[in-house]
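This report concerns only the one structure given below.
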Amino acid sequence: MGSEFVEIQVTCGAAHEARTIADALVERRLAACVQLVPIRSTYRWEGAVERDDEVLLLIKTTARRTDEVEATVHDLHSYDVPAFTVVEIVSGSDDYLAWVRAETT
């Protein structure tokens, strides 16, 4: 990964599960911030098209924490195959990125 900072995107089927994961990541200093956004998802699962209300987690962290974040998500998540994608943050305000670095150290 080329960037020091990433945003990890994870979907959860229930708000309580999303809050549990978000709290664990911030409490363990694996993420500086986790935003919870209600969404409506359409996807194919086991041969059928599904439509569900979900909660999207936008996890702000450093690239070096990615493996630990993924392990924590898998430990706490109820889905067989949780969505877990990593997006590099190529630019951001110096003050904000310094805060993300400090909170994940």
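Assorted remarks:
- Computed per residue of the chain from DSSP H runs no shorter than four, each worth -39500 (n - 2.57), the mean residue ellipticity at 222 nm is -10000 deg cm²/dmol.
- Loop GluC sites (Glu not before Pro), segment 1-65 (other Cβ atoms within 10 Å of the site Cβ: 14 or fewer; DSSP): GLU4, GLU46
- Here P(r) over Cα pairs in 10 Å bins from 0, in percent was calculated from the structure, and among (i) 13, 39, 27, 17, 5; (ii) 15, 47, 28, 9, 1; (iii) 15, 40, 31, 11, 3, 0 it sits at label (ii).
- Accessible area per residue for the chain is 58 Å², calculated with a 1.4 Å probe on protein heavy atoms, without ligands, DNA or RNA.
- Value of relative contact order over segment 17-105, rounded to a whole percent, pairs C-alpha under 8 Å and six or more apart: 35 percent
- Cut-off 20 Å (backbone N to label point 7 Å along Cα→Cβ of LEU36), residues of segment 57-93: 57-61, 69-80, 82-85
- Percent accessible area from carbon and sulfur atoms, the chain, protein chains only, probe 1.4 Å: 49 percent
- Relative to the current alpha-carbon distance between GLU68 and VAL49, full extension at 0.36 nm per residue lengthens the span by 3.7 nm.
- Only Lys, Arg (+1) and Asp, Glu (-1) charged, at Cβ; the chain dipole about Cα centre in debye: 140 debye
- Segment GLU103-ALA83, extension gain: residue separation times 0.36 nm, minus the distance between their alpha carbons: 4.8 nm
- Among the chymotrypsin sites (Phe, Trp or Tyr not before Pro) found in segment 1-78, not one is both in a DSSP coil and sparsely packed, with 13 or fewer other Cβ atoms within 10 Å of its Cβ.
- Distances between placed amide hydrogens fall under 5 Å for PHE5 paired with ALA63, ILE89, all partners being 5 or more residues away or on another chain.
The values are calculated or read from the model by the stated rules, or taken from the named source; none is laboratory data. Since the structure is predicted, the reported quantities are computational estimates derived from the model, not experimental observations. Because the Cβ atoms are built from the backbone with ideal geometry, glycine has one as well, and the counts that use them run over all protein chains shown. These area figures cover heavy atoms from the full protein model, side chains too; ligands, DNA and RNA do not enter into them. Shrake-Rupley method; radii C 1.70, N 1.55, O 1.52, S 1.80 Å.
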